[in-house]
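The values are calculated or read from the model by the stated rules, or taken from the named source; none is laboratory data. Values in this document were obtained by computation on a predicted structure and should not be read as measured data. All Cβ positions, glycine included, derive from the backbone under ideal geometry; neighbour counts span all protein chains shown. Heads up: the accessible areas ignore ligands, DNA and RNA and are worked out on the full protein's heavy atoms, side chains in. Shrake-Rupley method; radii C 1.70, N 1.55, O 1.52, S 1.80 Å.
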Amino acid sequence: VRLLVAGLSGQLGHGVVESAGDDVELIPLARSTPRRAAASRIASALGAGALAERTVEGDVTQPRWGLSDEALDELAPTIDGVLDLAGEVDWTAPDHRLFAANVLGAANGLECARALSSRGGGRCRLLCVASSVHVAGGRTGRVPEARLSPDPDRTRYETSKWQGEEVVLEQARGLPAVMVARIGGLLGNSASGATTKRNSLYLLADEWNRLPGGLMPRFGNGRVDMLPRDTAGAALLRAVRAALAAPEEAPDVVHICAGESAPRTDALLALARSLDGAGRLAPIRSVPVPGRALVWASQNAERFTSLSRQRGNALTGIRYLAIDRTFERDRLAALIGDDLPATSAEQTARLAFALPEAEPRPVGDPELARLSE
Ligand SMILES: NC(=O)c1ccc[n+]([C@@H]2O[C@H](COP(=O)([O-])OP(=O)(O)OC[C@H]3O[C@@H](n4cnc5c(N)ncnc54)[C@H](OP(=O)(O)O)[C@@H]3O)[C@@H](O)[C@H]2O)c1
């Protein structure tokens, strides 16, 4: 399978590259800068080699992702699907940047997939757009893998991701099919911990020792839905492959996240402290704050005060730890089978708080072991 992929240099893109097997060939579409060609930017993000050599220059904010007729003609005979992982994920970015990458980028991706399909005799049969589970806005309870209605509780970022979904699903007709993959929070690589981004739980980890008065909100029934990036990348590729095999039956929305296995935030934070043998995490006092207040504050704080990018993102990150909801994965299971992506609370805590793996130790007290012989 050959996929044209925008956004490979990002966190999710790294996860896709790390988990792609020999059965998938990725063709990166990347921006150039005045000083650096697209291929050289991919080489510095993902290493020199075949991937960098295959890179196509483009920009998702341009019609057909900026691909010329010649470039489209060259790609069309071999491209099976288009994957849009490009996005603006700075939750505090101005509206025009959120709109350009998250809404226009998705719409242009559909135009690009259609142009490839018509020039390649229908070989390109899928556009998969990475969205976010957080398009659920302030919604609690079970969140279905389905189109969602307008919601005044969405942040500006969430609104841009929701509009990006709507613009492609609204226009989807026949082939290429359109599948929106809503991604949960992303942690670094499951084995190395390598991460290109420190959002959500990472921001809490970074701010931990600077919390005013050592006070941490109590998250109540809030859950933290995050997966290591390679775990998410592997599930995404499985979903894309399955959708390519039967594009007419592909679901319009799937959730690539921890779903019902996501731990409660308070339990995860308690676990992180108990795993912190070196005592790096300062003692905290947790104070009850209604979940609804955290959701409101994260949506509205910028109306009253100007926050740095770090602080603004930390506040939004708290929102994603405070809401009691479960992202359904039934349609994902129907597509890829029951072996759904998962991580343990311990792995999540270790990756987010950079806690080393425990040394294997004998069970029980070795001093007493000789007495039982
Ligand atoms: N990270 C998360 O926790 C998370 C959670 C849920 C959903 N998601 C979704 O997953 C997707 C990827 O997120 P991420 O965390 O991987 O983001 P990221 O690390 O910020 O990467 C964004 C990628 O998009 C590319 N890009 C941005 N604007 C572009 C443009 N105009 N033309 C071409 N490429 C462009 C960037 O390329 P450059 O190298 O040129 O900047 C980069 O490769 C987004 O849709 C996001 O909403 C992420």
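A few remarks follow.
- Extension gain for residue 300 to residue 40 (0.36 nm times residue separation, less C-alpha to C-alpha distance): 89.6 nm.
- Take each peptide in 48-57, 84-93, count the other Cβ atoms within 10 Å of every residue, and average; sorted highest first, the result is 84-93, 48-57.
- Cα-based shape type of the stretch 241-369, given that a ≥ b ≥ c are square roots of the gyration tensor eigenvalues and the cut on a/c is 1.5: oblate
- Debye intensity ratio I(q)/I(0), log10, the stretch 143-192, q values 0.26 Å⁻¹ (C-alpha model): -1.10
- Mean separation of Cα pairs under 8 Å and 6 or more residues apart, divided by the residue count, gives the stretch 7-166 a relative contact order of 21 percent.
- 197, 161, ranked by accessible area, largest first (probe 1.4 Å): 197, 161
- Distance histogram in 10 Å bins (all Cα pairs of the stretch 289-358, percent per bin): 16, 29, 32, 20, 3
- Label-to-label distance, nm, for residues given as residue 156 and residue 307 (7 Å Cα→Cβ offset): 1.2 nm
- Inverse mean reciprocal Cα-Cα distance (Kirkwood Rh) of the stretch 192-247, Å: 14.5 Å
- Within the chain, helices built from complete DSSP H runs that reach 18 Å or longer along their own axis (Cα positions) and carry a mean Kyte-Doolittle hydropathy of 0.5 or higher are 229-245.
- Per-bin percent of Cα-Cα distances, the chain [20 Å]: 29, 55, 15, 2, 0
- Only Cα pairs under 8 Å and 6+ residues apart enter the sum, and on that basis the relative contact order of the stretch 166-241 stands at 41 percent.
- FRET E, pair residue 246, residue 25, Förster distance 22 Å, beta-carbon r, rounded to 0.05: 0.60
- As a calculated quantity, the FRET efficiency between residue 54 and residue 139 at R0 = 56 Å, using C-beta atoms, amounts to about 0.90.
- Pairwise alpha-carbon distances in the stretch 232-317 exceed 17 Å for 72% of all pairs.
- With both residues required to sit in the stretch 1-131, DSSP beta bridges show an antiparallel share near 0%.
- Label-to-label distance for residue 354 and residue 197 is 2.0 nm, based on points extended 7 Å past Cα in the beta-carbon direction.
- Take the Cα of residue 32, step 7 Å toward its Cβ, do the same at residue 97, and the gap between the two points is 2.4 nm.
- For the chain, DSSP calls about 5 percent of its internal beta bridges antiparallel.
- For the peptides 9-15, 245-251, the ranking by packing is 9-15, 245-251, with the highest mean count of neighbouring Cβ atoms within 10 Å listed first.
- When only alpha carbons of the stretch 125-271 are considered, Rg and Dmax amount to 17.0, 57 Å.
- Contact order relative to length of the chain, as percent, for alpha carbon pairs under 8 angstrom and 6 or more apart: 19 percent
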